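The values are calculated or read from the model by the stated rules, or taken from the named source; none is laboratory data. Not measured: the values here are computed from a predicted model. Virtual Cβ from ideal backbone geometry, glycine too; neighbours counted across all protein chains shown.
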Amino acid sequence: MTFEPEFSASLSRDGDVLSLRLTGELDLATVPELEAALPRPAAGEVLVIDLRNLSFIDSTGIHVLMGLDVSAREQGWSFALVRPGPDVQRVLDLCHVGDRVRFVDRPTDASPALG
Amino acid sequence: MEGLAHTDEDAPVATDQESRRLEAVRRYAVLDTPEDGAFDRITALAARHFGVPIAIVSIVDTDRIWFKSHHGIDVREVGRDPGLCASAIMQHEPWVVEDAATDPRTLANPLVAGELGLRFYAGVPLTTHDGFNLGTLCVIDQAPRELSDDETATLSDMAAIVMDELELRLASRRIVHQEQHLRDLAEETARSLQESLLPPRLPEIPGAEVAALYVPSTSGEVGGDFYDVFEVGADAWALVIGDVSGKGAKAAAVTALARHTIRTGLLATSDPSAVLATLNRAMFLGLQGARPRHFCTALVVVLRPAARGFALTVAAAGHPPAIVMRADGTAGELSVAGGPPVGWHADARFASADAELRSGEGLLLYTDGLSEARTAGALVGVEGVLEVLGGRDAGERAPQLAERLTRWLAAGGVDVRDDAAALVITAGERAAPA
């Protein structure tokens, strides 16, 4: 049977902070939707991905987040994640994402002044 | 002027020219295909335009004339002998018989003299781009009539439309064939590539049994999963499982790099974390410019015989922990410190941890394709894998466990979306090393 995953990504901007809120399951099937929704931040801007409503992430999803960290460092913008629930956090911890990427509690906490 | 009686001039002569023409007929693969709107519209249009009852798109085969479209006549083919189309294809000009009953070329023809009473025939050859006449577009009447130069030109244009349609179909058939060929080639390449990423057979580890399984993803692309089992020195063995991000040939090349770097690395040091650090540098430096960036998760276990089974040194790079199957039938994750996936950043640090695999216990190394399979849309999860492996009886060894997993994956309703790989090892009773 085919399973239609529930996933959505919605982008908002507040000054220099671009915030992309993810809802549902991020996996092999929905990663293309995330990639299509990703903005291209300019140098000095902040991209914060809000994972609070994400119920699941697989390795392909983590790879996108890792790729964003690489791009941010190469292109001079900053990247942060809004802390997810425990299930998604467990997968991020497995990949030691916290060693490399800043976690915040709310998108507004990610403004450059506070970073 | 060719022979007077049509039967003389269009008898199928086995000349070179005719056999090449027949090859062309085969090439267009139109004989005995179903009736079809595109050609029926042209014959209907021709009949209406010329005010005749019958219009036909014919293809001249070895010994018959087959009608791709037959407007106004309920016949799908006639013998080649009496067929006027067979005469029409012998030249490159429209072939017009204004009154067949008086025309010396046709007056003896059974279609003219017989029941059908054909009197008027005008056929234009359907000429391929390389000059072969496949058949005709013809219009037929039971009364004699004339055909003006303008009308002849119109019939020729309609025949050209028929031929354009045939050429288009041939071209799209060719493209479909070429695509199929390319797909077959790509699949063949993918298969050999995949085989080269997995060891052809697993070595024997004294005092243990090892089994592996690999399930390709439903997409058919080469996945990035790999596993390996090899000796790393006197009485020491390595079990490796890994997953490179991405799919296809590029991911396969990175997979080969990862597998061989780990193999070579473990010849120099038996510390799995040091090998992961080496692989990280190799991938980070070697693939810096690559887009998209490839990452690799891996779990490396070095086994050495110990008093009651094996001593393990384990290091992970962003990889799901191994699952231990205890002698009492329970199963749980073997949590170890590790590090991030390799290839992400240059200053990544990796840690190794010690563990043990006692006689009667088993260990499962797997890629997340296994835990992220779905049944009826719901994620299997680590819990699902633990459930499949739980309740193991002490006599069940690696091959049976791998088979149990394979059966479970093959069972209806389990959807493996990503490729999945697993290695199982069970420790038997063995004499303590000297």
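Within the stretch B:101-116, the residues that satisfy the criterion of being out of contact with any His (no Cβ under 8 Å at 6 or more places or on another chain) and under 20 Å from residue B:77 (Cβ atoms) are B:110, B:111, B:112, B:114, B:115, B:116. Look at residue B:59 and say whether it is at pLDDT below 90, within 26 Å of residue B:171 (Cα to Cα) and in contact with a strand residue (DSSP E or B) (Cβ under 7 Å, 6 or more places away or on another chain). Against the criterion (at pLDDT below 90, within 26 Å of residue B:171 (Cα to Cα) and in contact with a strand residue (DSSP E or B) (Cβ under 7 Å, 6 or more places away or on another chain)), residue B:59 does not qualify.
Looking at B:381, B:369, B:362, B:377, just one residue is surrounded by 19 or more Cβ atoms within 10 Å (Cβ to Cβ) and within 14 Å of another protein chain (Cβ to nearest Cβ), and that residue is B:369. The listed residues are B:216, B:199, and the only one of them that is surrounded by 19 or more Cβ atoms within 10 Å (Cβ to Cβ) and touching a residue at least 12 places away in the same chain (Cβ under 8 Å) turns out to be B:216.
Per-residue answers, yes or no, for (1) part of a strand (DSSP E or B); (2) within 10 Å of chain A (Cβ to nearest Cβ); (3) of a type in the set (Gly, Ala, Ser):
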site	(1), (2), (3)
B:315	yes, no, yes
B:320	no, yes, no
B:323	yes, no, no
B:328	no, no, no
B:332	yes, no, yes
B:336	no, no, no
B:347	no, yes, no
B:350	no, yes, no
B:354	yes, no, no
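Under the condition of being in contact with a helix residue (DSSP H, G or I) (Cβ under 9 Å, 6 or more places away or on another chain) and not in a helix (DSSP H, G or I), which residue from the stretch B:37-58 is surrounded by the most Cβ atoms within 10 Å (Cβ to Cβ)? Result: B:57. Can you say whether residue B:396 is out of contact with any helix residue (DSSP H, G or I) (no Cβ under 7 Å at 6 or more places or on another chain), part of a helix (DSSP H, G or I), modelled with pLDDT of 85 or more and more than 14 Å from chain A (Cβ to nearest Cβ), as far as the supplied structure shows? It is false that residue B:396 is out of contact with any helix residue (DSSP H, G or I) (no Cβ under 7 Å at 6 or more places or on another chain), part of a helix (DSSP H, G or I), modelled with pLDDT of 85 or more and more than 14 Å from chain A (Cβ to nearest Cβ).
Right, residue B:101: surrounded by fewer than 23 Cβ atoms within 10 Å (Cβ to Cβ), small (Gly, Ala, Ser) and either touching a residue at least 60 places away in the same chain (Cβ under 8 Å) or over 27 Å from residue B:32 (Cα atoms) (or both) or not? So residue B:101 fits the description; yes.
On inspection, residue B:55 does not qualify as of a type in the set (A, V, I, L, M, F, W, C), over 14 Å from residue B:134 (Cβ atoms) and touching a Phe, Trp or Tyr at 6+ places or on another chain (Cβ under 9 Å). Residues that are under 20 Å from residue B:17 (Cβ atoms) and outside any loop (DSSP other than H, G, I, E, B) do occur in the stretch B:112-123. Residue-level check: of (1) surrounded by 19 or more Cβ atoms within 10 Å (Cβ to Cβ); (2) without any contact (Cβ under 8 Å) to a residue 24 or more places away in the chain; (3) over 18 Å from residue A:95 (Cβ atoms), residue B:336 misses just (3).
Residue count for the stretch A:36-80, restricted to those that are away from every other protein chain (no Cβ under 14 Å), touching a Ser or Thr at 6+ places or on another chain (Cβ under 7 Å) and surrounded by 19 or more Cβ atoms within 10 Å (Cβ to Cβ): 3. Tell me, which residue of the stretch B:221-247 that is free of Cβ contacts under 8 Å to residues at least 40 places away in the same chain and within 14 Å of chain A (Cβ to nearest Cβ) is farthest from residue A:65 (Cα to Cα)? Here the residue is B:221. So which residues in the stretch B:20-36 are assigned to a helix (DSSP H, G or I) and charged (D, E, K, R)? Across the stretch B:20-36, the qualifying residues are B:20, B:21, B:23, B:26, B:27. Selection of the stretch B:360-389 for residues being under 14 Å from residue B:424 (Cα atoms) and part of a loop (DSSP other than H, G, I, E, B) yields B:360, B:361, B:367. Residues in the stretch B:400-417 that are surrounded by 15 or more Cβ atoms within 10 Å (Cβ to Cβ) and modelled with pLDDT of 85 or more were compared, and the one that is farthest from residue B:370 (Cα to Cα) is B:400. Looking at the stretch B:371-380, can you tell me whether even one residue there is under 30 Å from residue B:287 (Cβ atoms), assigned by TED's automatic domain parsing to the domain that holds residue B:221 and without any contact (Cβ under 8 Å) to a residue 24 or more places away in the chain? No, the stretch B:371-380 contains no residue that is under 30 Å from residue B:287 (Cβ atoms), assigned by TED's automatic domain parsing to the domain that holds residue B:221 and without any contact (Cβ under 8 Å) to a residue 24 or more places away in the chain.
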